[in-house]
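Engineer: My structure is below; once you've seen it, I'll send some questions.
The values are calculated or read from the model by the stated rules, or taken from the named source; none is laboratory data. Since this is a predicted model, take the numbers as computed values, not measurements. Don't worry about glycine lacking a Cβ; one is built from the backbone with ideal geometry, like all the others, and counts go over all protein chains shown. Accessible surface areas use protein heavy atoms only, side chains included; no ligands, DNA or RNA. Shrake-Rupley method; radii C 1.70, N 1.55, O 1.52, S 1.80 Å.
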Amino acid sequence: DAKTTQPPSMDCAEGRAANLPCNHSTISGNEYVYWYRQIHSQGPQYIIHGLKNNETNEMASLIITEDRKSSTLILPHATLRDTAVYYCIVINNNNDMRFGAGTRLTVKP
Amino acid sequence: SQTIHQWPATLVQPVGSPLSLECTVEGTSNPNLYWYRQAAGRGLQLLFYSVGIGQISSEVPQNLSASRPQDRQFILSSKKLLLSDSGFYLCAWNLGYQETQYFGPGTRLLVL
(Lines give C-alpha, C1' and ligand atoms only; values in the text may rest on other atoms or scores of the structure.)
Protein backbone atom coordinates (compact mmCIF):
# COMPACT_ATOMS: atom_id res chain seq x y z
CA ASP A 1 0.00 0.00 0.00
CA ALA A 2 1.19 3.49 -0.79
CA LYS A 3 2.35 5.47 2.24
CA THR A 4 1.42 8.84 0.80
CA THR A 5 -1.72 10.92 0.33
CA GLN A 6 -2.13 13.23 -2.63
CA PRO A 7 -5.11 15.19 -3.98
CA PRO A 8 -6.61 13.34 -6.94
CA SER A 9 -6.50 16.32 -9.27
CA MET A 10 -5.29 19.90 -9.61
CA ASP A 11 -5.42 22.62 -12.24
CA CYS A 12 -2.78 25.21 -12.97
CA ALA A 13 -2.62 28.11 -15.39
CA GLU A 14 0.12 28.00 -17.99
CA GLY A 15 3.15 30.00 -16.93
CA ARG A 16 2.23 29.92 -13.25
CA ALA A 17 3.86 27.81 -10.57
CA ALA A 18 2.28 24.45 -9.89
CA ASN A 19 2.49 23.37 -6.25
CA LEU A 20 1.68 19.72 -5.70
CA PRO A 21 1.27 18.62 -2.07
CA CYS A 22 1.96 15.21 -0.58
CA ASN A 23 1.33 13.96 2.94
CA HIS A 24 3.56 11.21 4.32
CA SER A 25 2.90 11.36 8.05
CA THR A 26 4.29 7.86 8.74
CA ILE A 27 7.62 8.44 7.03
CA SER A 28 10.60 6.99 8.90
CA GLY A 29 14.02 8.52 9.29
CA ASN A 30 15.73 6.63 6.48
CA GLU A 31 12.98 6.95 3.88
CA TYR A 32 13.41 9.23 0.90
CA VAL A 33 10.65 11.21 -0.80
CA TYR A 34 10.58 10.62 -4.56
CA TRP A 35 8.50 12.30 -7.24
CA TYR A 36 7.72 10.86 -10.66
CA ARG A 37 5.27 11.89 -13.32
CA GLN A 38 3.50 9.91 -15.99
CA ILE A 39 2.21 11.38 -19.19
CA HIS A 40 -0.58 9.38 -20.76
CA SER A 41 0.57 6.07 -22.26
CA GLN A 42 4.22 6.61 -21.30
CA GLY A 43 6.46 5.21 -18.60
CA PRO A 44 6.91 7.21 -15.37
CA GLN A 45 9.57 9.90 -15.55
CA TYR A 46 11.80 10.60 -12.57
CA ILE A 47 11.59 14.21 -11.39
CA ILE A 48 13.38 14.68 -8.09
CA HIS A 49 13.97 13.16 -4.67
CA GLY A 50 15.12 14.24 -1.21
CA LEU A 51 15.63 13.07 2.34
CA LYS A 52 15.20 16.14 4.54
CA ASN A 53 16.75 19.11 2.77
CA ASN A 54 14.99 21.03 0.03
CA GLU A 55 16.17 20.06 -3.42
CA THR A 56 16.16 21.76 -6.81
CA ASN A 57 17.03 20.55 -10.27
CA GLU A 58 16.31 21.63 -13.82
CA MET A 59 12.78 20.25 -13.67
CA ALA A 60 11.44 21.18 -10.26
CA SER A 61 11.96 22.03 -6.60
CA LEU A 62 11.11 19.79 -3.67
CA ILE A 63 10.22 21.36 -0.35
CA ILE A 64 10.14 18.98 2.62
CA THR A 65 8.72 20.18 5.94
CA GLU A 66 10.97 20.12 8.96
CA ASP A 67 9.07 17.22 10.53
CA ARG A 68 9.20 15.45 7.13
CA LYS A 69 5.54 14.59 7.31
CA SER A 70 4.69 16.40 4.11
CA SER A 71 6.32 17.79 1.01
CA THR A 72 5.52 19.96 -1.99
CA LEU A 73 6.70 19.58 -5.54
CA ILE A 74 7.00 22.92 -7.31
CA LEU A 75 7.05 23.31 -11.06
CA PRO A 76 8.08 26.98 -11.28
CA HIS A 77 6.59 27.84 -14.68
CA ALA A 78 4.10 25.19 -15.74
CA THR A 79 3.66 24.49 -19.43
CA LEU A 80 1.01 22.50 -21.26
CA ARG A 81 3.55 19.66 -21.52
CA ASP A 82 3.56 19.37 -17.73
CA THR A 83 0.03 17.96 -17.82
CA ALA A 84 0.47 14.50 -16.30
CA VAL A 85 -0.17 12.34 -13.25
CA TYR A 86 2.34 13.14 -10.52
CA TYR A 87 3.30 10.45 -8.02
CA CYS A 88 4.80 11.05 -4.60
CA ILE A 89 6.47 7.99 -3.06
CA VAL A 90 8.37 7.39 0.16
CA ILE A 91 10.89 4.56 0.14
CA ASN A 92 14.02 3.36 1.87
CA ASN A 93 14.49 0.44 -0.46
CA ASN A 94 14.22 1.17 -4.16
CA ASN A 95 13.41 -2.49 -4.72
CA ASP A 96 10.02 -1.81 -3.18
CA MET A 97 8.48 1.19 -4.94
CA ARG A 98 4.72 1.40 -4.47
CA PHE A 99 2.94 4.01 -6.51
CA GLY A 100 -0.46 5.25 -5.39
CA ALA A 101 -3.06 6.95 -7.54
CA GLY A 102 -1.12 10.24 -7.75
CA THR A 103 -2.34 13.73 -8.62
CA ARG A 104 -3.61 14.45 -12.09
CA LEU A 105 -2.26 17.93 -12.93
CA THR A 106 -3.93 19.75 -15.79
CA VAL A 107 -2.16 22.85 -17.07
CA LYS A 108 -4.59 25.15 -18.81
CA PRO A 109 -3.80 27.88 -21.35
CA SER B 1 24.01 7.63 -21.32
CA GLN B 2 21.72 4.84 -20.26
CA THR B 3 18.60 3.90 -22.18
CA ILE B 4 15.91 1.32 -21.59
CA HIS B 5 13.87 -0.32 -24.33
CA GLN B 6 10.68 -2.34 -24.25
CA TRP B 7 8.91 -4.19 -26.99
CA PRO B 8 6.45 -4.55 -28.34
CA ALA B 9 4.84 -1.18 -27.60
CA THR B 10 1.33 -2.60 -27.99
CA LEU B 11 0.06 -6.16 -28.04
CA VAL B 12 -3.38 -7.71 -28.46
CA GLN B 13 -3.56 -11.37 -27.52
CA PRO B 14 -6.38 -13.92 -27.14
CA VAL B 15 -7.10 -15.53 -23.79
CA GLY B 16 -5.03 -18.66 -23.32
CA SER B 17 -2.21 -17.60 -25.63
CA PRO B 18 1.42 -17.30 -24.47
CA LEU B 19 3.18 -14.03 -23.76
CA SER B 20 6.73 -12.77 -24.04
CA LEU B 21 7.64 -9.16 -23.32
CA GLU B 22 11.22 -8.03 -23.55
CA CYS B 23 13.16 -5.29 -21.81
CA THR B 24 16.77 -4.32 -22.45
CA VAL B 25 19.00 -1.70 -20.90
CA GLU B 26 21.94 -0.05 -22.61
CA GLY B 27 24.82 1.95 -21.26
CA THR B 28 25.25 0.31 -17.88
CA SER B 29 26.33 -2.98 -16.33
CA ASN B 30 24.79 -5.21 -13.70
CA PRO B 31 21.60 -3.19 -13.22
CA ASN B 32 18.74 -4.18 -10.98
CA LEU B 33 15.74 -4.81 -13.23
CA TYR B 34 12.04 -4.61 -12.44
CA TRP B 35 8.70 -5.49 -14.01
CA TYR B 36 5.58 -3.54 -13.00
CA ARG B 37 1.97 -3.68 -14.11
CA GLN B 38 -0.38 -0.73 -14.15
CA ALA B 39 -4.09 -1.35 -14.50
CA ALA B 40 -6.16 1.42 -16.05
CA GLY B 41 -6.43 4.40 -13.68
CA ARG B 42 -4.40 2.65 -10.99
CA GLY B 43 -0.94 2.89 -9.49
CA LEU B 44 1.96 0.61 -10.29
CA GLN B 45 2.21 -2.91 -8.93
CA LEU B 46 5.65 -4.49 -8.65
CA LEU B 47 5.62 -7.96 -10.22
CA PHE B 48 9.26 -9.11 -10.32
CA TYR B 49 12.73 -7.79 -9.73
CA SER B 50 16.19 -9.12 -10.43
CA VAL B 51 19.56 -8.19 -8.97
CA GLY B 52 21.55 -10.37 -11.37
CA ILE B 53 21.52 -12.96 -14.14
CA GLY B 54 19.23 -15.84 -13.25
CA GLN B 55 18.09 -14.18 -10.01
CA ILE B 56 14.36 -13.42 -9.91
CA SER B 57 12.23 -12.30 -6.98
CA SER B 58 8.47 -12.53 -7.35
CA GLU B 59 6.28 -10.06 -5.52
CA VAL B 60 2.82 -11.24 -6.51
CA PRO B 61 1.73 -14.83 -7.16
CA GLN B 62 0.15 -15.10 -10.59
CA ASN B 63 0.40 -16.84 -13.93
CA LEU B 64 3.29 -14.64 -15.03
CA SER B 65 6.98 -15.44 -14.81
CA ALA B 66 10.18 -13.54 -15.42
CA SER B 67 13.63 -14.48 -16.59
CA ARG B 68 16.96 -12.73 -16.94
CA PRO B 69 19.03 -14.63 -19.47
CA GLN B 70 21.58 -11.84 -19.90
CA ASP B 71 22.88 -9.03 -17.72
CA ARG B 72 20.81 -6.33 -19.39
CA GLN B 73 17.84 -8.33 -20.59
CA PHE B 74 14.66 -8.98 -18.66
CA ILE B 75 11.76 -11.02 -20.03
CA LEU B 76 8.19 -11.30 -18.79
CA SER B 77 6.32 -14.42 -19.85
CA SER B 78 3.11 -16.32 -19.50
CA LYS B 79 2.10 -19.74 -20.76
CA LYS B 80 -1.61 -18.90 -20.86
CA LEU B 81 -2.92 -15.35 -20.68
CA LEU B 82 -5.99 -14.42 -18.65
CA LEU B 83 -8.33 -11.48 -19.25
CA SER B 84 -7.05 -9.99 -16.00
CA ASP B 85 -3.53 -9.84 -17.42
CA SER B 86 -4.50 -6.83 -19.52
CA GLY B 87 -2.66 -3.70 -18.51
CA PHE B 88 0.35 -1.49 -19.03
CA TYR B 89 3.61 -3.32 -18.33
CA LEU B 90 6.62 -1.30 -17.35
CA CYS B 91 10.24 -2.30 -17.03
CA ALA B 92 12.61 -0.27 -14.87
CA TRP B 93 16.25 -0.32 -13.82
CA ASN B 94 18.58 1.08 -11.20
CA LEU B 95 22.08 0.44 -9.92
CA GLY B 96 21.26 -0.54 -6.38
CA TYR B 97 18.49 -0.47 -3.84
CA GLN B 98 19.36 3.05 -2.78
CA GLU B 99 19.44 4.36 -6.32
CA THR B 100 16.76 6.04 -8.43
CA GLN B 101 14.68 3.80 -10.69
CA TYR B 102 14.28 4.72 -14.34
CA PHE B 103 11.36 3.39 -16.38
CA GLY B 104 10.99 2.21 -19.93
CA PRO B 105 8.27 3.33 -22.34
CA GLY B 106 5.97 0.43 -21.45
CA THR B 107 4.00 -2.23 -23.29
CA ARG B 108 0.25 -2.00 -23.46
CA LEU B 109 -1.27 -5.49 -23.40
CA LEU B 110 -4.89 -6.19 -24.20
CA VAL B 111 -6.14 -9.73 -23.66
CA LEU B 112 -9.41 -10.51 -25.43
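Engineer: Only one of these conditions is not met by A:Pro7: (1) open to solvent by 30 Å² or more (accessible area, probe 1.4 Å); (2) at pLDDT below 95. Which number is it?
Structural biologist: Against the list (1) open to solvent by 30 Å² or more (accessible area, probe 1.4 Å); (2) at pLDDT below 95, A:Pro7 comes up short only on (2).
Engineer: Just checking, how many residues over the stretch A:26-60 are within 25 Å of B:Gln38 (Cβ to Cβ) and either in contact with a helix residue (DSSP H, G or I) (Cβ under 6 Å, 6 or more places away or on another chain) or charged (D, E, K, R) (or both)?
Structural biologist: Residues that pass the stated criteria total 2.
Engineer: Name every residue in the stretch B:23-33 that is surrounded by 14 or more Cβ atoms within 10 Å (Cβ to Cβ) and more than 8 Å from chain A (Cβ to nearest Cβ), in order of residue number. It would help to see each step written out before you state the result.
Structural biologist: We begin by selecting, within the stretch B:23-33, every residue surrounded by 14 or more Cβ atoms within 10 Å (Cβ to Cβ); these are B:23-25, B:28, B:31-33.
B:Cys23, B:Thr24, B:Val25, B:Thr28, B:Pro31, B:Leu33 - these are the residues of the stretch B:23-33 that are surrounded by 14 or more Cβ atoms within 10 Å (Cβ to Cβ) and more than 8 Å from chain A (Cβ to nearest Cβ).
Engineer: Looking only at the stretch B:6-22, which residues are under 20 Å from B:Arg72 (Cα atoms) and either within 11 Å of chain A (Cβ to nearest Cβ) or outside any strand (DSSP E or B) (or both)?
Structural biologist: Those that are under 20 Å from B:Arg72 (Cα atoms) and either within 11 Å of chain A (Cβ to nearest Cβ) or outside any strand (DSSP E or B) (or both): B:Gln6, B:Pro8, B:Ala9.
Engineer: Let me ask another. Could you list, in sequence order, all residues of the stretch A:24-49 that are of a type outside the set (S, T, N, Q) and assigned to a loop (DSSP other than H, G, I, E, B)?
Structural biologist: Narrowing the stretch A:24-49 to residues of a type outside the set (S, T, N, Q): A:24, A:27, A:29, A:31-37, A:39-40, A:43-44, A:46-49.
Residues satisfying the conditions are A:His24, A:Ile27, A:Gly29, A:Glu31, A:Ile39, A:His40, A:Gly43, A:Pro44.
Engineer: Pairs only if they're at least six apart or on different chains, beta carbon under 7 angstrom, first in the stretch A:1-24 and within 14 Å of chain B (Cβ to nearest Cβ), second charged (D, E, K, R); list them, first residue then second.
Structural biologist: Taking only residues 6 or more apart or on different chains, the pairs are A:Asp1/A:Arg98; A:Ala2/A:Arg98; A:Pro8/A:Arg104; A:Ser9/A:Arg104.
Engineer: Open to solvent by less than 10 Å² (accessible area, probe 1.4 Å) and charged (D, E, K, R): is that true of B:Asp85 in this structure?
Structural biologist: Details: open to solvent by less than 10 Å² (accessible area, probe 1.4 Å): yes; charged (D, E, K, R): yes.
Here the answer is yes, as B:Asp85 does meet what is asked.
Engineer: Would the stretch A:80-96 turn up any residue that is more than 14 Å from chain B (Cβ to nearest Cβ) and touching a residue at least 60 places away in the same chain (Cβ under 8 Å)? Outline the logic, then answer.
Structural biologist: Residues of the stretch A:80-96 that are more than 14 Å from chain B (Cβ to nearest Cβ), as a first pass: A:80-83.
In the following step, the residues that additionally are touching a residue at least 60 places away in the same chain (Cβ under 8 Å) were identified as A:80, A:82.
Yes, some residue in the stretch A:80-96 is more than 14 Å from chain B (Cβ to nearest Cβ) and touching a residue at least 60 places away in the same chain (Cβ under 8 Å).
Engineer: When the stretch B:56-68 is examined, which residues are found to be in a strand (DSSP E or B) and within 12 Å of chain A (Cβ to nearest Cβ)? Even if it seems obvious, please write down each step before you answer.
Structural biologist: First, the residues of the stretch B:56-68 that are in a strand (DSSP E or B): B:56-58, B:64-68.
Result: B:Ser57, single match.
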